[in-house]
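Below is one structure, written out as C-alpha cells; comments come after it.
The values are calculated or read from the model by the stated rules, or taken from the named source; none is laboratory data. Since we're looking at a predicted model, the values are computed, not measured. Using ideal geometry, Cβ is built from the backbone for each residue, glycine included, and neighbour counts are taken over all protein chains shown. Ligands, DNA and RNA are stripped out before the accessible areas are found, and what is left, the full protein with its side chains, is counted by its heavy atoms. Shrake-Rupley method; radii C 1.70, N 1.55, O 1.52, S 1.80 Å.
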Amino acid sequence: MASSISAAAKASTAFAHKKELAAPAPAQHRAGSSRRTKPCRVRAVASPARAPRAPSSTGSVKSAMTMTEKILARASERAALEPGENVWVDVDVLMTHDVCGPGTIGIFKKEFGEDAKVWDREKVVIIPDHYIFTTDERANRNVDILRDFCLEQNIKYFYDIKDLSNFKANPDYKGVCHVALAQEGHCRPGEVLLGTDSHTCNAGAFGQFATGIGNTDAGFVLGTGKALLKVPPTIRFVLDGEMPPYLLAKDLILQIIGEISVSGATYKSMEFVGSTVESLTMEERMTLCNMVIEAGGKNGVVPADETTFKYLEGKTSVDYEPVYSDAQARFFSDYRFDVSKLEPVVAKPHSPDNRALARECKDVKVDRVYIGSCTGGKTEDFLAAAKVFLASGKKVKVPTFLVPATQKVWMDVYSLPVPGSGGKTCSQIFEEAGCDTPASPSCGACLGGPRDTYARMNEPMVCVSTTNRNFPGRMGHKEGQIYLASPYTAAASALTGYVTDPRDFLM
Amino acid sequence: MAAAPSATAVSTAALLAPIRAPTSAFLRRTQLTRHRDHSLKCRRAGPIVPAAAAAAAGSSSSPSSAVFHGECFVVGDNIDTDQIIPAEHLTLVPSKPDEYRKLGSFAFAGLPSAAYPTPFVAPGEESTRYAVVVGGANFGCGSSREHAPVALGAAGARAVVAEGYARIFFRNSVATGEVYPLELTDTGAWKECKTGDVVTVDLSNSVFINHTSGKEYKLKPIGDAGPVIEAGGIFAYARKTGMIASKAAA
Ligand code: SF4
C-alpha cells in the first residue's frame, strides 16, 4: 500500500500532488473475476473512421488503461484508446427527467421523425423529479409530455407521478433521478450511463462511466443508442487513513474541490481510490462522485468491490462486468490525502471551491438549514443528521427543512431505527428537535425551481445546505447565501443558528 | 422555410474554405435550420442584432464574411448556467418555438443585479442588443441545461468569447449551434472590456477586436469540436459518417 503523506490539520497541507505520475494503482485494484463474463453483446455497426476488429479480442486489453479508458474502450469495441480520442460508444442506459426530457423528445422527433422509435425501450429511464409538487402549469405539462412519450414508446422504466396531492398514492414514483437510478439497479459497474443532468456522474460510485449531456446529444442517443465521446484523462485521488467519526464523504469532496478549484478537473475523469474509499458505503461513494461536476469533471469513478456487489444484489438481473485501472495505467496527475487529518469543511458563497473549515465560520449567522438533494438527501444523510440531533438533545434554532431524495428514502426516514436512540426513527428525532416535517421526495429547493417550491429561498437569506451548488440564485433568491456542508455540519448549524463544527456535538 | 443544404454541400464548402473550422462552423448554423427554423427566423427578424447582416450573408455563401460585429456584454469568471438561465424558467421547452423565444428573454436573468446593473435583455424586450458575450474562465459551469446556450442564442447573441469553458456548456453550444464558444489565448480580456464596447469577432483571422478600447486579442482555433462542427452538428456529422441514415424520416 502506498504510504500516505501525513500533514498538518491545515487543509491545504493535508495532501500531496504529483504531476504525470504513472505509479502502480493502490490496493484498491482488484480482478473483476468474481463476476460472470457478459455474453457477447450485439454491437452496432458502422463505427466510422476506425478499422473494425474482432469481438473476440475485446476482452484482452494489452496497453495499460485507467478504468474510465477501459469502460470507453469496451463500449466502443476498441482494444485500447488514449485520452483525447473521440469515439462512438454504445450507451447502456440513457436517463432523462422532466426538465430536459420534453426538449430531448422534441429533438428526437424532429430528427428521426414523428413515428420514430427509441433505440431500446428497456435502456431508456425516465424520471420526473425536478418540478413536481407545484401548481406551475408548464411544469405539470412537462410531466404529461414525458408520460405520453413513455406510453407511445412503451418505455419500460418510467417512474410516473399522477396524484400530486399525495406522493404515496403513486407507487411508481421515485424522486430524485440519481438516487433513484442507484436504488432501482440502473447503476452497474463497467457500463456507460448518460443522462440529461450534470449530476449523472453520481453513478460513477458503482464503477460505471456516467456523465451529463444536453438535450441535442440525448435526442441523438434516443434514436441511435450511441454517443460521440472524447476520452478524458484521469486524475487519481488516493484517500487513505481512518475516517474520523465527525467527517462524511461530503467533507472529502468539498476538500478536494477546494484544492483543485471549480475547473480543476475540466474535461477529466476523477478516480477515487485508497483505504478510506474502500471503507465508504455506496451512498457515501455516491456523494463523492456526485460532485465531481463541481470541479468541472467529466465523470468520477470508484472501483467496484464487495460493497458494490452487495448493494446491487437483488436490484438488477443484468449481467455486468467491472473493470479496474491497470497497474501501469497513466494518470494525468495524482493527489494523496490523509483523511485522518482532515476537519469538517464548508463551501462558502458563491462557489463550491470556496472552502473553509466549519469552525472558521462559527460567526456566520444562518437563517435556515436545508437537508436534501441527490448529494445530501439520501437515507444515510438523514441518519447522520439525526445522530447530531440525538447527541445534542436540543432543539433547532432556525427553520430546518428536510427533503428526502426518493420515496424509498422517505420510507427509511419514517421507519429505520437510529442507532443508539432506543428504537426511534429519524422522523421522530427530527420532530423532537423541532425540524419541519420531511417533505415529499423531489429535487425541492436544491435548484430553486418554481416560486411555490417547498423551502425555496424567496428572500435573501443565509442557508446551510447539504446540496451541491451555491452559485448566486441557485436555491431561489439571487442575493441568497448558501454554505454547502455535510449533514453533520448542517444539523449542528441548525442547533446553534451559526455555521457550526459538528464536533461541538459529536465529541 | 428554405431547405437546408445537404451534408455533402456543407463539407465541400468547408473544404474549400481558407480557414476551415470557423467557416464550416458558420455553415453549420444554416444546416441546423432543418430542426431549428423557428429560432433562426426569429433571430434574423430581430432588428437590433448588429451582426445580422453580415451573418446572413456569411451563412448563405461567402465564408470569409464570418464576422460578428456589435456591442459586447461583459461578465466575469465562473459564470454558471443558473446565472445564464435561472431554474425557474426551465419549464420552458427549447424545442417549442414560442417557448424558445421566451427563453431568450430570460437570458442572463440570474446575474446578481448589484454586480450587473445593465440587463442583457432590456425589460419588455425579447432579444438583446449585445451580439457578443465576453467572459472569463470556466464559462457555463454547473448544470447541464441546454437551455443555457439556447437562451443566449435565442436572445440573439452570436458568440461567446471567454478564457475557457465548462465541458457541457461547450458541447451543448456545438451540438445545438446556438452560439460560438470561442476561446481566447490569453487571460484578462474581460477585465479590459466594458459592456457596450463595440467589438468585432473575426473568425477567419481568429481575432477579437475591441474598437472602443482599441485592443486586439487572439482566439484559439475551435479544436476537437472541429470535425463535428465541420459536418454541421452532431446529427449531420452522424449522417455524414454513416452512423445514422442520411435522411431523417421526417
Ligand atoms: S437534487 Fe439538485 S442537483 Fe440533484 S438532480 Fe435534483 S436539482 Fe439536480
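What's the total number of residues in region A:114-153 that are without any contact (Cβ under 8 Å) to a residue 40 or more places away in the chain and within 16 Å of the ligand (Cβ to nearest atom)? Let's see the steps before the verdict.
Residues of region A:114-153 without any contact (Cβ under 8 Å) to a residue 40 or more places away in the chain: A:114-115, A:117, A:121-122, A:126, A:137-138, A:140-141, A:144, A:147-148, A:150-153.
Among the residues that remain, those that are also within 16 Å of the ligand (Cβ to nearest atom) are: A:126.
Result for region A:114-153: 1.
What do you reckon, is residue B:121 facing another protein chain (nearest Cβ under 9 Å), farther than 20 Å from residue B:167 by Cα and among the β-branched types (Val, Ile, Thr)?
Details: facing another protein chain (nearest Cβ under 9 Å): no; farther than 20 Å from residue B:167 by Cα: yes; among the β-branched types (Val, Ile, Thr): yes.
Considered against the rule, which asks whether it is facing another protein chain (nearest Cβ under 9 Å), farther than 20 Å from residue B:167 by Cα and among the β-branched types (Val, Ile, Thr), residue B:121 comes out as no.
Among the candidates A:366, A:318, which residue alone is of a type outside the set (Asp, Glu) and either open to solvent by less than 10 Å² (accessible area, probe 1.4 Å) or over 30 Å from residue A:79 (Cα atoms) (or both)?
Result: A:366 is the single residue among A:366, A:318 that is of a type outside the set (Asp, Glu) and either open to solvent by less than 10 Å² (accessible area, probe 1.4 Å) or over 30 Å from residue A:79 (Cα atoms) (or both).
May I ask you to say which residue of A:286, A:270, A:282 is touching a His at 6+ places or on another chain (Cβ under 8 Å), within 26 Å of residue A:489 (Cβ to Cβ) and open to solvent by less than 10 Å² (accessible area, probe 1.4 Å)?
Among A:286, A:270, A:282, only A:286 is touching a His at 6+ places or on another chain (Cβ under 8 Å), within 26 Å of residue A:489 (Cβ to Cβ) and open to solvent by less than 10 Å² (accessible area, probe 1.4 Å).
Here are A:312, A:288: which of them is more than 16 Å from the ligand (Cβ to nearest atom) and touching a residue at least 40 places away in the same chain (Cβ under 8 Å)?
A:312
Working only within region A:226-259, note down all residues that are in contact with a Pro (Cβ under 8 Å, 6 or more places away or on another chain) and in a loop (DSSP other than H, G, I, E, B).
A:231, A:232, A:233, A:246, A:247, A:248
If I ask for residues that are touching a residue at least 60 places away in the same chain (Cβ under 8 Å) and under 26 Å from residue A:214 (Cα atoms), which ones from region B:179-195 would you list?
Of everything in region B:179-195, just one residue is touching a residue at least 60 places away in the same chain (Cβ under 8 Å) and under 26 Å from residue A:214 (Cα atoms), namely B:180.
What residue, among those in region A:180-200 that are assigned to a loop (DSSP other than H, G, I, E, B) and within 12 Å of the ligand (Cβ to nearest atom), is most open to solvent (accessible area, probe 1.4 Å)?
By that ranking, first place goes to A:197.
Of the residues that sit in region A:419-456 and are within 12 Å of another protein chain (Cβ to nearest Cβ) and of a type in the set (A, V, I, L, M, F, W, C), which one is farthest from the ligand (Cβ to nearest atom)? Show your work before the answer.
At the first step, the residues of region A:419-456 found to be within 12 Å of another protein chain (Cβ to nearest Cβ) are A:443-453, A:456.
Now narrow it down to the ones that are of a type in the set (A, V, I, L, M, F, W, C): A:443, A:445-447.
Working: A:443: 3, A:445: 9, A:446: 3, A:447: 4 Å.
If we take residues in region A:419-456 being within 12 Å of another protein chain (Cβ to nearest Cβ) and of a type in the set (A, V, I, L, M, F, W, C), then A:445 is farthest from the ligand (Cβ to nearest atom).
Is it fair to say residue A:223 is away from the ligand (no atom under 16 Å from the Cβ) and within 14 Å of another protein chain (Cβ to nearest Cβ)?
yes
Can you give me the ranges of the strands (runs of 3 or more DSSP E) entirely in region A:260-344 with at least 3 residues that are more than 14 Å from chain B (Cβ to nearest Cβ) and modelled with pLDDT of 95 or more?
In region A:260-344, the matching strands (runs of 3 or more DSSP E) lie at A:269-273, A:333-338.
Is at least one residue of region A:398-416 assigned by the TED database to the domain that holds residue A:490 and at positive phi?
The answer is no, given that none of the residues of region A:398-416 is assigned by the TED database to the domain that holds residue A:490 and at positive phi.
May I ask you to verify whether residue A:476 is within 14 Å of chain B (Cβ to nearest Cβ), within 15 Å of the ligand (Cβ to nearest atom), in contact with a Lys or Arg (Cβ under 9 Å, 6 or more places away or on another chain) and open to solvent by 10 Å² or more (accessible area, probe 1.4 Å)?
Considered against the rule, which asks whether it is within 14 Å of chain B (Cβ to nearest Cβ), within 15 Å of the ligand (Cβ to nearest atom), in contact with a Lys or Arg (Cβ under 9 Å, 6 or more places away or on another chain) and open to solvent by 10 Å² or more (accessible area, probe 1.4 Å), residue A:476 comes out as yes.
Open to solvent by 10 Å² or more (accessible area, probe 1.4 Å), more than 15 Å from the ligand (Cβ to nearest atom) and touching an Asp or Glu at 6+ places or on another chain (Cβ under 7 Å): does that describe residue A:168?
For residue A:168, the condition - open to solvent by 10 Å² or more (accessible area, probe 1.4 Å), more than 15 Å from the ligand (Cβ to nearest atom) and touching an Asp or Glu at 6+ places or on another chain (Cβ under 7 Å) - is not met.
If we scan region A:346-358, do we find a residue that is within 14 Å of chain B (Cβ to nearest Cβ), within 16 Å of the ligand (Cβ to nearest atom) and either open to solvent by less than 10 Å² (accessible area, probe 1.4 Å) or among the aromatic types (Phe, Trp, Tyr) (or both)?
yes
Give region A:382-413 a look and list any residue that's open to solvent by 10 Å² or more (accessible area, probe 1.4 Å), within 16 Å of the ligand (Cβ to nearest atom) and either under 20 Å from the mean Cα position of the chain (by Cα) or closer than 22 Å to residue A:169 by Cβ (or both), or say none.
A:407, A:408, A:410
State whether one or more residues within region A:154-161 are modelled with pLDDT of 95 or more, more than 15 Å from the ligand (Cβ to nearest atom), out of contact with any Pro (no Cβ under 6 Å at 6 or more places or on another chain) and within 14 Å of chain B (Cβ to nearest Cβ).
No: region A:154-161 contains no residue that is modelled with pLDDT of 95 or more, more than 15 Å from the ligand (Cβ to nearest atom), out of contact with any Pro (no Cβ under 6 Å at 6 or more places or on another chain) and within 14 Å of chain B (Cβ to nearest Cβ).
Working only within region B:63-113, note down all residues that are within 16 Å of the ligand (Cβ to nearest atom) and not in a helix (DSSP H, G or I).
Those that are within 16 Å of the ligand (Cβ to nearest atom) and not in a helix (DSSP H, G or I): B:80, B:85, B:86, B:90, B:91, B:110.
Tell me, yes or no, whether region B:109-116 has at least one residue that is within 11 Å of chain A (Cβ to nearest Cβ), in contact (Cβ under 8 Å) with a residue 40 or more places away in the chain and buried (at least 24 other Cβ atoms within 10 Å of the Cβ).
Within region B:109-116 (the criterion being within 11 Å of chain A (Cβ to nearest Cβ), in contact (Cβ under 8 Å) with a residue 40 or more places away in the chain and buried (at least 24 other Cβ atoms within 10 Å of the Cβ)), the answer is no, since none of the residues qualifies.
Which one of the conditions (1) within 14 Å of another protein chain (Cβ to nearest Cβ); (2) more than 16 Å from the ligand (Cβ to nearest atom) does residue A:470 fail to meet, given that it meets all the rest?
Answer for residue A:470: the failing condition is (2).
Answer yes or no as to whether residue B:191 is over 17 Å from the mean Cα position of the chain (by Cα), more than 30 Å from residue A:106 (Cβ to Cβ) and open to solvent by 40 Å² or more (accessible area, probe 1.4 Å). Spell out how you get there, then give the answer.
Details: over 17 Å from the mean Cα position of the chain (by Cα): yes; more than 30 Å from residue A:106 (Cβ to Cβ): yes; open to solvent by 40 Å² or more (accessible area, probe 1.4 Å): yes.
For residue B:191, the condition - over 17 Å from the mean Cα position of the chain (by Cα), more than 30 Å from residue A:106 (Cβ to Cβ) and open to solvent by 40 Å² or more (accessible area, probe 1.4 Å) - is met.
Determine whether region A:427-443 contains at least one residue that is aromatic (Phe, Trp, Tyr) and free of Cβ contacts under 8 Å to residues at least 60 places away in the same chain.
Yes, region A:427-443 has at least one match.
Here is a list of conditions, (1) within 12 Å of chain B (Cβ to nearest Cβ); (2) touching a residue at least 24 places away in the same chain (Cβ under 8 Å); (3) more than 12 Å from the ligand (Cβ to nearest atom), and residue A:501 meets all of them except one; can you say which number that is?
(1)
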